[in-house]
Amino acid sequence: MTEETIDFNTVIDLCRDEHRRIVLSVLAAEQRSLTVNDLRTVILTRNHHTPVTDASEEVLTEIGVSLTHTHIPKLESAGVIEYDSDRQLIVPTEQFDQLQPHLSTIIDTDPNLDEPIEL
């Protein structure tokens, strides 16, 4: 199987949404597979400034639904992740590595992503 190069406009489109930027930055920083719960926790902390223990079930559900129905499918269709829905596991692909130069530039300009990410 040959890999296609990811075009810069695709990278910009993937980074257009704040939740996807958070997901991409976490995957870039961690360099490993992550669960939907891992990503939900980081989005909650970054975007809502709330620890999981203080979050309402409604907010947790909203973030989980947006991840599984919008953001993860978009990243998967671009070929930068694979998603195992049974295990709710997001796996960066080899194409994800192609994003790194462009991604780091975009993430570095996002003031909401300045702090180190802790899982």
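When the range 1-52 is filtered for residues that are of a type in the set (S, T, N, Q), modelled with pLDDT of 90 or more and surrounded by fewer than 12 Cβ atoms within 10 Å (Cβ to Cβ), only Gln31 remains.
One line per residue, one yes/no per condition, for (1) more than 16 Å from Leu34 (Cα to Cα); (2) out of contact with any helix residue (DSSP H, G or I) (no Cβ under 8 Å at 6 or more places or on another chain); (3) of a type in the set (Gly, Ala, Ser); (4) free of Cβ contacts under 8 Å to residues at least 12 places away in the same chain:
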{"site": "Ala55", "(1), (2), (3), (4)": "yes, no, yes, yes"}
{"site": "Glu58", "(1), (2), (3), (4)": "yes, yes, no, yes"}
{"site": "His71", "(1), (2), (3), (4)": "no, no, no, no"}
{"site": "Lys74", "(1), (2), (3), (4)": "yes, no, no, no"}
{"site": "Ser77", "(1), (2), (3), (4)": "yes, yes, yes, yes"}
{"site": "Val80", "(1), (2), (3), (4)": "no, no, no, no"}
{"site": "Ser85", "(1), (2), (3), (4)": "no, no, yes, no"}
{"site": "Gln95", "(1), (2), (3), (4)": "yes, yes, no, no"}
{"site": "Thr105", "(1), (2), (3), (4)": "yes, yes, no, yes"}
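His69 falls short on exactly one of the conditions (1) surrounded by 12 or more Cβ atoms within 10 Å (Cβ to Cβ); (2) part of a helix (DSSP H, G or I), and that condition is (1). Just give me the residues in the range 93-111 being farther than 21 Å from Arg46 by Cα and outside any helix (DSSP H, G or I), in sequence order. The answer is Thr93, and nothing else.
In this structure, Glu58 qualifies as exposed (fewer than 12 other Cβ atoms within 10 Å of the Cβ), of a type in the set (Asp, Glu), in a helix (DSSP H, G or I) and over 12 Å from the mean Cα position of the chain (by Cα). For the range 15-58, the set of residues classified as among the hydrophobic types (A, V, I, L, M, F, W, C) and over 16 Å from Val91 (Cβ atoms) consists of Cys15, Ile22, Val42, Ile43, Leu44, Val52, Ala55, listed by residue number.
The values are calculated or read from the model by the stated rules, or taken from the named source; none is laboratory data. Please read all numbers here as calculations on a predicted model, not as lab measurements. Cβ coordinates were reconstructed from backbone atoms using ideal geometry, including for glycine residues, and neighbour counts include every protein chain displayed.
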